[in-house]
1. Can you find a residue in the range 543-559 that is in contact with a Pro (Cβ under 9 Å, 6 or more places away or on another chain) and touching a residue at least 12 places away in the same chain (Cβ under 8 Å)?
2. May I ask you to list the residues in the range 729-763 that are of a type outside the set (Val, Ile, Thr), surrounded by fewer than 24 Cβ atoms within 10 Å (Cβ to Cβ) and part of a helix (DSSP H, G or I)?
3. Could you check residue 563 against (1) in contact with a helix residue (DSSP H, G or I) (Cβ under 6 Å, 6 or more places away or on another chain); (2) modelled with pLDDT under 95; (3) aliphatic (A, V, I, L, M) and say which number it fails?
4. If residue 120 meets every condition in (1) closer than 20 Å to residue 82 by Cα; (2) without any contact (Cβ under 8 Å) to a residue 40 or more places away in the chain apart from one, which number is that one?
5. What helices (runs of 4 or more DSSP H) lie completely within the range 389-477 and have 2 or more residues being in contact with a Pro (Cβ under 7 Å, 6 or more places away or on another chain) and in contact (Cβ under 8 Å) with a residue 40 or more places away in the chain?
6. Across the range 695-728, what is the number of residues that are in a helix (DSSP H, G or I) and not polar (S, T, N, Q)?
7. Kindly evaluate residue 497 against the criterion of being of a type in the set (A, V, I, L, M, F, W, C), surrounded by fewer than 17 Cβ atoms within 10 Å (Cβ to Cβ) and either without any contact (Cβ under 8 Å) to a residue 40 or more places away in the chain or assigned to a loop (DSSP other than H, G, I, E, B) (or both).
8. Can you spot a residue in the range 225-240 that is of a type in the set (A, V, I, L, M), at pLDDT 75 or above, assigned by TED's automatic domain parsing to the domain that holds residue 59 and surrounded by 14 or more Cβ atoms within 10 Å (Cβ to Cβ)?
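The values are calculated or read from the model by the stated rules, or taken from the named source; none is laboratory data. Just so we're clear, the structure is a prediction, and the values are computed from it rather than from any experiment. Cβ sites come from the backbone with ideal geometry, for glycine too, and all protein chains shown count toward neighbours.
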Amino acid sequence: MSCLSSPEVKKMSIWLTPLNYRPIWMDAIKKRAPGTCIWFVDGDKYKSWVNTAGAMLCGVGLPGAGKTTLSSIVIEHLQKVVKGSNPAHCVAFVFFRHTDRVTVRDVLASIVRQMVEDHTPIFALVKPIHGIHDLHGTQMSEEECLDVLRQASQMLARCFISLDAFDEAPKEVQLQILHILSSLNVNLLVTSRPSALPSEIVPRATVVEIVADNNDIKILIDETIRRNFEFRDLLRNQSGQLDWERRIISTVQEKSRGMFLLAALQLELLQGCVNTHELRETLDGMPEGVKEMYRRTIKRIQGQPMNSFLLAQRIFVWLLHAKRSLRVSELQTAVAICSKSYKLDKDRIVHQEDRLVAVCCGLIAINRDRVGLIHYTTYDALKELFPLGVGHPHSFIASACTQLLLDHQCHNYPGKDEYPYQLRNLLAPHPLLEYSYTNWPAHAKESEQIPDAVITFIDQCDRYPVIFRHKEIDLLQSIHVAAWYRFQDRRFLTPFIVNIPTKRGRTALILASYNGDVSAVGFLLSAPGINVNARDRDGNTSLIWASARGHEGVVRLLLQARMIDVDAKGQHGDTALIKASESSHESIVRLLLQVPGINVNLKGKNGYTALIHTTLRGHEGILRSLLESNGIDVAAEDGTGATALAWASIRGPERVTRLLFAASSPGVCCRALRWVAGEGNEGAVKLLIGFGGIDINGQDAMGRTPLIKASQSGHEGVIRVLLAVDGIDINARDGSGNTALIQASTMGHKAVVQLLLQSGGETAQELANRELALVGASTGGHEEVVRMLLTVGGVDLKAREQLWRTAWINASENGHDRIIRLFLELGGGDVDVQWLNFALVQACAQGHERVATILLRARGGGLHDVGTQQTALMRAAENGHQAAVRVLLESPWTKLDANAKNELGDTALIRASENGCTAVTELLLGVKGIDINLKGRDGYTALMRAYINGHKVIVALLFRMRDFDIDANAGFRTSSLNEMFNRIFTAMKARPDDSLNADRTERDDYDQDLHGAGKCGLGEAVAVRRTTPVDHLISGLPEDRQGKIIRLHDLFRLEFVLSSDFDFDSRLPMSSRYF
């Protein structure tokens, strides 16, 4: 079930949360001595916990007892044994650290992330949620994470979740996490100090005391001796090596008191011995207790050479005060920063990782590429006992970070791109730069006062990049940086810059409102000339952002500002009230509703009002507030025509639906019923009908009842519910005269048609409805519905000649050959030949060659008269339906005359040539006996029609015919084509006014000739080549064609051919009739 390797999964994982606990677990497993904590996984309490669904197991132990090691071993055991036996079992884990200030959302998101990475069904569950948030640049909320976990716990066979060092999580997080996870059907493992374990879970949990037993301590000592060859050699070079090892083991076991941490520190102390004398003294004076052990270790650090001690000081300044664990490269860069200039001195970088660990005498550890203190108790001990040498660590770190940003031009962002990943790519190559960018504001705020270096940095910011809404970069100036990071300083607040926008149009007030900084907003509102209604590039104001993000204090301040526009519309037309309702911020909605004159019915994206948004969220409190507001329109519809009541009946909960139903008029209730019926929501239909008092046959502006709308969409379940209601009018007609049966038949909903037929009677009205339904089904080509109406419905085609005729023609015109076959099967012997003739013409006109074939073969063939077939040929040709033309020409029953003329005098070839139907023209030219020089209406030939309408390929096809008559003329309208070309040739040499007399008829002829030549590209050819020798033009043709060019008008014909970019040998098929 794993999908970890998918790039899409990796993208989703990072979006969910950057917290990744897998490296911590893998490092803990790597460091543990093989065989450690076997006693726990072999114990009865652990086995019972594994085999009992929903059980909770608490491992309690003193600091340093090895709780993290035990958690890691349990996770490994679950991964191999439990999950290995069933991939549908889930194992997730969280390692809490006092340095990481995680929220409830962070914890839930990290668990969801692991599920997404390991289980394809959970990835599929989160994918649509990710798609929506990715579009808007937002993250999954705590509520959404919880909803995913609820569904995941039901989808997966078993879920095991480990919470290590639970006592290091913030108190408020502990209680919420326990409450949430306890409500799910998951197996929970919690490790903690005994005194810090929340009392709420002790009665429900199985408690196991975690103590490193003597065997674990012995394994740790043996592994230490094995890995440290210098220590091993020291023991081997002494007489009585085994006695020394036994003494070390017994001493450490006795004085570590079952604490892995203390045992590890004691072994670190012993490994510093260089001879037997020091080894003996250290064993004899081994301190008891963690604090005394720390004191002894710190004394060792202070006893080092000065350079080593100063390096240790710089290391501890950063590790004790950093906002997250540091990478080794980051720490190497950090300790090379000058404490006076705050600049990086690359010559002071310590490249040897072992050197960093050594000068700290075992109080720090490197796990993969991360470096940190060995235990959270180390943090407290160093804070109390170790002299850092820096008066204000946070001030120093903030100054160092901002100087590093200045040195890399981050105050004047050099990038031109606007996407977050590009900023991260810019920061990533430089150690500590990403940390500085992310954490300098936090360090500055924890300083006693804002450091001068930070003020200088802010003052120099002109294009400082910030990631906005997780999806875009905005570039800030000084006032924006101060507002964004909540630094209040009057030097940044002048009338000249207070309203200056960022690259994306955001003012300082918008940024402060977005972040919910009440103090900064109040500070900015006091500035002279502040524009409280300024909009960003998306059209959003400060009030819209504060309302959308739930910043009640900011909203309250903004509403007190003069000239505030409470109805301002932002992106997609959403107002502050709409955004607050959409985000379920009840207190803000109430504040906004108190503003006199607020328009509560404005529509935003998708046509949603605040009432509809609230209904979709199911928030009863906000709904009551909106319904009590003046002027609320419960009948307002969104872009789909749905009202709030319609959405409530679908989404629920029922109490929300009842509230809206009680507040709605009968017409609004009926409108909601029609909408949910049309959407096919059976439950919503039942709910609304169950409230009582609703008009089951109520019609909309188009005359459609709920039954008609459901029938039109084919919702069988809704139809059943509606038909069971007393008083339902099955024969109600909409504005077009259609009943539910007619609509269902026209759309081909077989099951619905069957239901309606079973529910109907045998009245004349119902029989008439079925007959009209047959026409609709025939038009739509729904064979099974047609058959059902003719058999079950009892429709008698023979009794209704007009109905029979309409059904035939509609089926033919729409190309439904299966319906035509059915009609012939059921009533073909009684079909009027005139209907069949008309049907054939309609089918050919629309290019339905299969229908035409069926009709031509009806009753053994020869049914249709020649005139009908000639008409069908004409209609198929003029509409360019090559297949239908071929069917008619190849009919074995009638030999059609391809040169026959219609009532206007046009042949099929003329109509095809005039309309640019190249394929049909080519097909007709291949018919034996075709006459290409026949004249149609107004004396025009096929070539003239093609030429005038600019159909180059057809003109070229006709030019190449052997018997083409270029001297043909069109009577009073024009002379021959040759003369037309000559007129154009002459006109191109001089302006039309000089070459033509004032006779209007002649000018009209010229204009028409020139217009046709322009369409075909002839005019350009004449203009470009009018001085070209004939021999030169003829030489461009193959020898077998040159002999055909024997007259002057052939030159013009050639000019046209050459001006058209045709490859005759590939684009035009050759035949014996062509040159």
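1. no
2. Passing the criteria: 747, 750, 751, 754, 755, 757, 758, 759.
3. Every condition holds for residue 563 apart from (1).
4. With respect to (1) closer than 20 Å to residue 82 by Cα; (2) without any contact (Cβ under 8 Å) to a residue 40 or more places away in the chain, residue 120 is out only on (2).
5. 393-407
6. Residues that pass the stated criteria total 13.
7. yes
8. Checked against the condition, which is being of a type in the set (A, V, I, L, M), at pLDDT 75 or above, assigned by TED's automatic domain parsing to the domain that holds residue 59 and surrounded by 14 or more Cβ atoms within 10 Å (Cβ to Cβ), the range 225-240 yields no hits at all.
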